[in-house]
Amino acid sequence: MLDCETPLGQTFISHQYDTQKILEGKGYTLMNMSSKDSHADVIIAKNIDGVLTACGVAEIKSRKMAGDKPLTRAYLKAGGYLITREKLDYGSQCAFLFGVPYYLIVNLLLEKVVLIWKVTNDQGLFEFDFDTRETSTKMTCNGGEIVRKNAYLPVDKAFCIEY
């Protein structure tokens, strides 16, 4: 069973869809990937001159906590947003293949804020520097521990939408 199919995983999927609705309210169309275990969650499209046009690929996260601490912009200023480096590398490849930027979209549920990092350009090249190191983190939303290469994205590189 995939993590997204567990009761806790379904809660996060519900938050993902809520986040998508916020972005759709800004005029974007978000198309979900057909595979539940894809490394990217959506293709972002916008109507440009009457033509629905792909303009990005993205991973969407919704978070309340970072371990036992509330996940807020203030918390992120200290160390950045943690994401598996492998996900960013996969997003970079998608960006290159589709010729669109790769975005990381994080809904900070406690602050009612969506942070959007434009991680790569349409050639898959990273838009800004970020720290990468091997650290021990929670394996999935359902628990477990794992040591892996993680990236820490600076919060000052994110665009912010309050809702």
Candidates Arg133, Arg148 - the one that is more than 14 Å from the chain's Cα centre (by Cα), more than 16 Å from Ala54 (Cα to Cα), modelled with pLDDT under 95 and among the basic types (Lys, Arg)
Arg148
Any residue that is more than 22 Å from Tyr17 (Cβ to Cβ) and assigned to a loop (DSSP other than H, G, I, E, B) - is there at least one of those in the stretch 141-157?
yes
Among the candidates Gly91, Gly99, which residue alone is of a type outside the set (Asp, Glu), under 21 Å from His15 (Cβ atoms) and either crowded, with 16+ Cβ neighbours inside 10 Å or modelled with pLDDT of 95 or more (or both)?
Gly91
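Rundown of residues vs (1) within 17 Å of Ala158 (Cβ to Cβ); (2) part of a strand (DSSP E or B); (3) hydroxyl-bearing (Ser, Thr, Tyr), yes/no style:
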position	(1), (2), (3)
Thr19	yes, no, yes
Ile22	yes, no, no
Met31	no, yes, no
Ser35	no, no, yes
Ala40	no, no, no
Ile43	no, yes, no
Lys46	no, yes, no
Gly56	yes, yes, no
Ile60	yes, yes, no
When the stretch 102-133 is checked residue by residue, the ones that are more than 17 Å from Gln20 (Cα to Cα) and buried (at least 22 other Cβ atoms within 10 Å of the Cβ) are Val119, Thr120
Do you know which residues across the stretch 75-110 are of a type in the set (D, E, K, R) and in contact (Cβ under 8 Å) with a residue 40 or more places away in the chain?
Lys77, Arg85, Glu86, Lys87
From the set of residues in the stretch 95-125 that are assigned to a strand (DSSP E or B), under 13 Å from the mean Cα position of the chain (by Cα) and of a type in the set (A, V, I, L, M), which is farthest from Leu30 (Cα to Cα)?
Leu108
Does Thr84 meet the test of being surrounded by fewer than 17 Cβ atoms within 10 Å (Cβ to Cβ), within 27 Å of Lys21 (Cβ to Cβ), out of contact with any Cys (no Cβ under 9 Å at 6 or more places or on another chain) and not charged (D, E, K, R)?
yes
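The values are calculated or read from the model by the stated rules, or taken from the named source; none is laboratory data. What you are looking at is a predicted structure, and each value in this text was computed from that prediction instead of being measured. Every residue, glycine as well, gets a Cβ built from its backbone with ideal geometry; the counts of neighbours run over all protein chains shown.
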